[in-house]
1. Which value, in nm² and rounded to one decimal, describes the direction-averaged projected area of the C-alpha convex hull of segment A:46-141?
2. Give me the percent relative contact order of segment B:33-123, please, defined on Cα pairs under 8 angstrom at least 6 residues apart.
3. Please report A:313, B:56, B:243 as a ranked list, fewest other C-beta atoms within 10 angstrom at the top and most at the bottom.
4. What ranking of A:531, B:78 emerges when the number of other C-beta atoms within 10 Å of each C-beta is taken as an exposure proxy, fewest first?
5. Taking the alpha-carbon centroid of each part, what is the distance from segment A:131-156 to segment A:209-252 in angstrom?
6. Could you check how many percent of all C-alpha pairs in segment B:131-254 are farther apart than 22 Å?
7. Quick one: compute the contact order of segment B:178-229, relative version, from alpha carbon pairs under 8 angstrom and 6+ residues apart, as a percent.
8. Within a 10 angstrom radius of each residue's Cβ in B:223-233, how many Cβ atoms of other chains show up on average? Whole number is fine.
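Where a number appears in this text, it was derived from the coordinates with a stated rule and is not lab data. Everything numeric here is computed off the predicted structure, so don't read it as measured data. Positions of Cβ are backbone-derived with ideal geometry, glycine not excepted, and every protein chain shown enters the neighbour counts.
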């Protein structure tokens with residue numbers, strides 16, 4: 001206690017000096033010049049959401065085209081550009097950057113008790129590269145050749161200078177090189193931050209699962225993105241300097257592109273998914289009032305998924321006839337095991353809990369159901385003969401949209417969950433629930449007709465389809481589903497507007513959250529923390545607020561899982577007396593925790 | 001501890017009970033025809049094997065998905081918040097965690113076993129095919145060449161060129177591409193394969209039932225990908241030979257000598273206008 005008394009929150013001469021010296025810019029200048037991870041994180045999320053709306057609008061136009069069999073709404077060329085850009089925007093510019101650029105940037109330093117990312121200026125560079133890349137990709141529409149039109153996978157030799165001439169495809173390549181570097185820098189930043197900037201007491205196995213997942217995501221980024229970026233540079237060299245890496249004529253190997261692309265492409269699936277697995281793993285325990293079930297199993301499952309994901313790229317190439325089918329099939333099927341562990345851990349976390357169905361929790365349940373469908377249909381595609389049947393049909397489109405829509409549900413849940421922390425006011429929960437039902441029904445009403453269409457043999461990436469194939473009614477159903485999905489995002493925008501108008505103030509810990517970000521104010525100060533509770537488990541804030549409800553192992557009900565003293569011993573219920581204070585100036589960026597006894 | 005053991009025993013019994021039920025269900029179902037489950041039962045012998053695997057996977061997915069979804073829905077409805085008391089904070093249960101690690105591994109191994117089995121059948125190439133056909137995909141059409149018979153069928157986009165096969169006999173397809181990557185796909189055959197530059201793919205088709213089947217390019221290949229159609233017509237061997245003789249008599253008259261017309265091939269800003 002003497003230690004605590006020494007460290008009061010009385011501003012010393014030194015800190016006073018520091019605060020008067022340090023002028024925080026505001027308004028637009030703040031957004032343009034900031035190296036604060038919270039500002040950059042919000043910029044990322046804002047940009048990614050704008051791009052999602054653009055990409056979503058493209059999807060709705062394409063759905064409209066497919067509503068009738070020989071629609072003349074779009075020309076073939078326009079349709080080809082639209083699906084290429086829709087896929088590119090959603091995969092390269094929305095889901096990934098929203099997760100590892102936006103959410104991770106905002107949440108990871110807060111959850112590990114760090115004042116900022118390890119390399120704040122590199123972080124800003126990441127964002128500006130991402131924004132620049134995104135704008136360049138969209139500018140493709142204004143070139144003479146139109147935007148890129150070879151699909152988001154850009155298979156060689158369709159993406160060669162002969163088959164796809166013009167500046168639009170070049171803009172596409174340049175954009176992806178820029179965003180590729182942006183992702184690599186973010187990966188470096190996240191790994192360094194998580195390894196070096198954890199608050200004292202925050203051991204690796206006391207990190208929140210979200211942080212674990214972001215660490216693994218960042219490592220995957222560092223393995224996968226350099227391959228994509230260099231493959232794109234090879235493609236550019238092929239197009240402009242006659243390198244012939246991917247052309248048969250010059251002695252190159254076209255299928256090499258597919259290998260390189262999917263060597264990035266499959267880890268990319270988990271680069272997109274793992275952050276949202278992390279989000280769900282944060283939200284479900286909080287609204288079930290229980291710790292995450294099987295914490296360590298969760299961590300090992302994440303590591304197993306990441307390890308397996310680097311050896312399954314061949315399952316995108318089963319029908320090429322040049323990959324070893326059993327190898328890629330077995331590894332792909334095995335991913336179901338760690339994913340299943342996660343799924344059952346999520347259910348076990350809710351088991352015997354006290355579940356409150358706020359919007360974030362509903363979004364997570366929507367994630368679970370949608371992801372279950374996506375996961376099970378993935379088993380079909382991991383089996384080569386069945387993949388021969390489904391490949392490049394709408395079944396595949398439905399499968400990965402199930403997965404990505406599940407991630408979108410989790411992303412919207414994450415926004416509702418961390419919104420009060422980010423802005424200091426709530427999003428309206430009632431409108432949120434309306435949005436949930438529209439989104440959940442909309443996405444599933446879109447994908448279920450697609451599964452059937454795929455089984456009935458409708459190929460993907462076609463602007464028109466033959467009369468008499470039996471595809472018409474299902475396409476109309478899918479369009480209705482897509483429109484409902486679109487409507488849900490209008491409701492979301494309405495919610496943001498109405499909530500912004502009202503600004504119901506949020507306290508520092510509105511959900512009885514368990515991790516460190518809920519210990520600081522909403523929104524947090526520039527360097528995040530003025531005080532930090534003792535970190536004895538992955539739920540420091542819960543342990544602090546509920547000292548009599550420490551996590552226990554279910555089958556040996558007495559052993560506390562927290563290192564040190566057994567629960568209750570020496571833990572006063574009076575929170576204020578036990579608050580540890582920060583030593584020194586906030587600007588120095590060092591935080592110090594004080595053990596409670 | 002005793003109570004724990006007992007409940008664990010009950011749990012195991014339930015698991016094995018479910019397993020037994022699946023085995024019984026499996027024997028019953030394999031005796032009769034499996035339903036199509038939205039797909040095609042396979043007009044070829046290879047496609048039929050694929051269909052059987054697919055149908056089994058659907059059954060497995062319904063069982064696994066059903067159990068998982070029931071657990072999830074039970075948790076949601078049963079453990080809805082009822083009071084402010086803080087629930088028991090249990091976090092680990094090693095036997096349970098091992099159970100739901102080991103069971104999926106077993107399921108995966110079973111699926112893998114059947115996958116390899118069917119995959120070997122589908123990819124098997126007979127030593128003495130009845131007829132050999134070289135299929136060339138190009139932007140945007142198909143060429144079906146019967147090299148031993150000196151018959152060549154050629155057609156672009158909506159011309160829907162027709163590949164004729166003898167029913168009940170094995171046809172050897174050699175698939176290549178003249179330009180970019182294409183996908184050879186016939187929905188009733190439950191089969192697709194890429195036609196790629198630099199790669200020669202070989203596979204067998206043994207059509208079980210005579211009929212005309214619509215095929216289409218499935219791998220996006222540029223502007224007219226959506227219209228890159230073809231048909232497979234399977235007829236009795238007698239009819240097949242009379243078709244062959246007729247084609248030979250006509251002397252390649254159907255063959256379009258040059259690749260698709262330049263009008264189609266050119267890709268310029270004009271292609272942005274309606275077509």
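1. With every direction weighted equally, the projected area is 6.9 nm².
2. Numbers: 29 pairs, mean separation 35.9, N = 91.
The value is 39 percent.
3. Working: A:313 26, B:56 21, B:243 16.
Taking fewest neighbouring Cβ atoms as first place, the list is B:243, B:56, A:313.
4. Numbers: A:531 16, B:78 12.
Sorted ascending by nearby Cβ count, the order is B:78, A:531.
5. If we compute the Cα centre of each part, the gap is 17 Å.
6. 28 percent
7. On the way: 68 pairs, mean separation 21.4, N = 52.
Here the relative contact order equals 41 percent.
8. Working: counts 8, 3, 10, 10, 6, 2, 1, 0, 0, 0, 0.
Counting other chains' Cβ atoms within 10 Å and averaging over B:223-233 gives 4.
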